[in-house]
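A.B. asks: Got a structure here, written out as structure tokens. Questions coming.
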Amino acid sequence: MSNKEMAERNYTKGMWTDSMLCTLTAKGKLTAEEYEEITGSKYPGKAAE
């Protein structure tokens with residue numbers, strides 16, 4: 001299972017929050033685009049380079 005699939009599953013189940021997904025994105029585990037697809041919100045920080 002990919003990081004995106006795991007994040008999407010846990011977010012949908014209410015187990016993970018926007019803040020948790022923000023942390024994953026900042027660490028480069030998700031892209032800003034994936035964050036936005038999962039949450040429906042714009043990523044508030046800069047994507048990890």
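Just so you know, all these numbers are worked out from the coordinates, no wet-lab data involved. Every value quoted in this text rests on a predicted model; they were computed, and no experiment measured them. Glycine gets a Cβ as well: all are built from the backbone with ideal geometry, and neighbour counts include every protein chain shown.
A.B. asks: Restricting to the stretch 20-47, give me the number of residues that are acidic (D, E) and under 14 Å from R9 (Cα atoms).
C.D. replies: First pass over the stretch 20-47, keeping only residues acidic (D, E): 33-34, 36-37.
From the residues that got through so far, the ones that are under 14 Å from R9 (Cα atoms) too are 34, 37.
Number of matching residues: 2.
A.B. asks: Looking at the stretch 6-15, can you tell me whether even one residue there is among the small types (G, A, S) and under 9 Å from the mean Cα position of the chain (by Cα)?
C.D. replies: Of the residues in the stretch 6-15, the ones among the small types (G, A, S) are 7, 14.
Those left that are additionally under 9 Å from the mean Cα position of the chain (by Cα): 7.
Yes, some residue in the stretch 6-15 is among the small types (G, A, S) and under 9 Å from the mean Cα position of the chain (by Cα).
A.B. asks: Then there is this: Among the residues of the stretch 9-36, how many are of a type in the set (D, E) and touching an Asp or Glu at 6+ places or on another chain (Cβ under 8 Å)?
C.D. replies: Summing the residues that are of a type in the set (D, E) and touching an Asp or Glu at 6+ places or on another chain (Cβ under 8 Å) in the stretch 9-36 gives 0.
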